[in-house]
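Inspection log for the structure reproduced underneath, given as C-alpha cells.
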Amino acid sequence: MLIDGHNRMVDYLRVSVTERCNFRCQYCMPEKPFSWVPRENLLSYEDLFKFTKVAIDEGIKKVRITGGEPLLRDGLEHFVKMIADYKEDIDLALTTNGYLLSNYAQKLKDAGLKRINVSLDSLKEEVAEKIAQKDVLKKVLEGIEKAREVGLKIKVNCVPMQGINDGEILDILEFCKTKGYEIRFIEFMENQHAMIDAKGYTSEELQEIIKAKYPFTKIERTGSSPSQNYKLEDGYVFGIIEPHKDDFCATCNRVRLTASGVLIPCLYFEDAQSIKDAIQNNDIEKAVAILKDVLSKKPEKNRWNDDTTSSRAFYETGG
Ligand code: SAM
Ligand code: SF4
C-alpha cells in the first residue's frame, strides 16, 4: 500500500505517453511549443510498463493513460494490453480528445481498456474549431459514437470558457444526459501556456446557469474524485471539477508520470523526480524508493488559489 506524507492512500497513477497533440486548445497548448521533448528522451512503452508494474505491485489500482494526445503515439493498444494482462482487475482508463478514436476504439477495447474520457467543449463546428484551432467536431463525435458502440464506458470533459462556449453549457449537459454519458465541467486552470486572455467560469457561475433550467441537489463527496457531483431531479448526475477549491485534496489518491519519466506528486506542484535512469537500469528498488520519496513530499493542498500561475503545461502532466 502506498501512503503519502499526509497519510493519504495513493492508488491512482496517471501515465502520459506523449506531450504532442494534434489540437491547439486555447486553454492548454494554443501554439506548438518551441521544441518537443526529443523522441529518444521519451520512455518506451516497455519502460513505462516496467514502472507501471512497480507501481501496481506497490498498491496502484487505477491507471489512466493520457497526454498530450495519447492516440498520436503508435501502438497504444499494445501498452494497454501489457497493463491489462498484468492485472486483469485494474481500473484502466484513457483520456483523449477523441479525434482519432473511431480508428482505435475497437483495438483499445480488445486490448483491455475499460473506460474513456473524451474532451468535448462544443457541439458547434465553428466553436469547436475556435477552441481547438482546427476543424475537429465531426471526427470527435464519430469517435465518441464508436467508443460507445464497442462498449467503452464514456465520460465527457468540458472546459467552459467565457465568450467562447459559454452559451452551450446546457446543450452539452443535455447531449450527455440523452446519450447516457457522464459529464464533468472543469474550471479553467490558469497556467503560463494558455492563451493570455483565456478566462473560465467558476463552479458557482456554472451552477447558476444549470440551475436556471434544471434544479439540482449537491451530492456529498465520497471517494477521492476531485469532481463535486450534483443530481438533477430526474436522477442524472453531473460533476464540476473545482480546482480553485482544495476540499478534494484531503482525499487525493493520485500521482502522475510524464512521457519522459518524471514523477509528479501534484498537478500544480513544481517538485518532481525522474524514474527514468532507475527503470532503464532495471533498478526496481531505486524506482520504488523514488516513488515513495515523491509521495512523501506530495503537498497537502493544490495551489490554484495562490497568486502564482503554474508553469507546468497540462499537455506535459496529462491534466
Ligand atoms: N488530449 C487529451 C484531452 O484533451 O482529453 C488528454 C490530455 S488533456 C491535457 C487532459 C484534460 O486536461 C482535458 O480534459 C482538458 O480539457 C484538460 N485541460 C487542459 N488544460 C486545461 C486547463 N487549463 N484548465 C482545465 N482543464 C484543462
Ligand atoms: Fe491537446 Fe488535450 Fe491539450 Fe487540447 S487539452 S491541446 S487536445 S492535450
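The values are calculated or read from the model by the stated rules, or taken from the named source; none is laboratory data. Keep in mind it's a predicted model, so treat the numbers as computed, not measured. All Cβ positions, glycine included, derive from the backbone under ideal geometry; neighbour counts span all protein chains shown. Surface areas here come from the heavy atoms of the whole protein model, side chains and all, with no ligands, DNA or RNA. Shrake-Rupley method; radii C 1.70, N 1.55, O 1.52, S 1.80 Å.
Quick look at the values:
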read-out	value
Length-normalised contact order of the chain in % [C-alpha pairs under 8 Å, at least 6 apart]	23 percent
Using alpha-carbon coordinates, inclination of helix 76-86 to the longest axis of the chain, degrees	60 degrees
Whole-number D in µm²/s for the range 174-216 (Stokes-Einstein; Kirkwood sum over Cα pairs; 37 °C, 0.692 mPa s)	264 µm²/s
The chain: antiparallel DSSP beta bridges as a percent of all, rounded to 5	30 percent
Computed [θ] at 222 nm, deg cm²/dmol, the chain (DSSP H ≥ 4; -39,500 (n - 2.57); rounded to nearest 500)	-9000 deg cm²/dmol
Surface accessible to a 1.4 Å probe, per residue, for the residues of the chain, Å²	44 Å²
Gain upon complete extension [Met1, Asp57; 0.36 nm per residue less C-alpha separation]	19.3 nm
Dimensionless Rg over Rh [the range 12-314; C-alpha; Kirkwood]	0.94
Straight-distance crosslink candidates among aspartates and glutamates, where the alpha carbon sits under 20 Å from Lys276 and sequence neighbours closer than 8 are dropped	Glu19, Glu40, Glu46, Asp47, Asp57, Glu58, Glu285, Asp293, Glu316
Restraint check, Lys53/Lys109; Lys139/Lys213; Lys50/Lys81; Lys155/Lys218, Cα-Cα greater than 23 Å	Lys139/Lys213
Whole-Å distance, taken between Cα centres, linking the range 39-117 and the range 134-185	22 Å
Under 12 Å from the Cα of Lys245 - aspartates and glutamates, other chains or at least 8 residues apart	Glu187, Glu204, Asp306
At R0 = 22 Å, FRET efficiency that the Cβ-Cβ distance of Trp36 and Glu129 yields, to 0.05	0.40
Student exercise, the chain dipole from Lys, Arg, Asp, Glu Cβ charges, in Debye to nearest 20	600 debye
Unit charges at the beta carbon, dipole of the chain: most positive-side option, Tyr181, Val159, Thr258	Tyr181
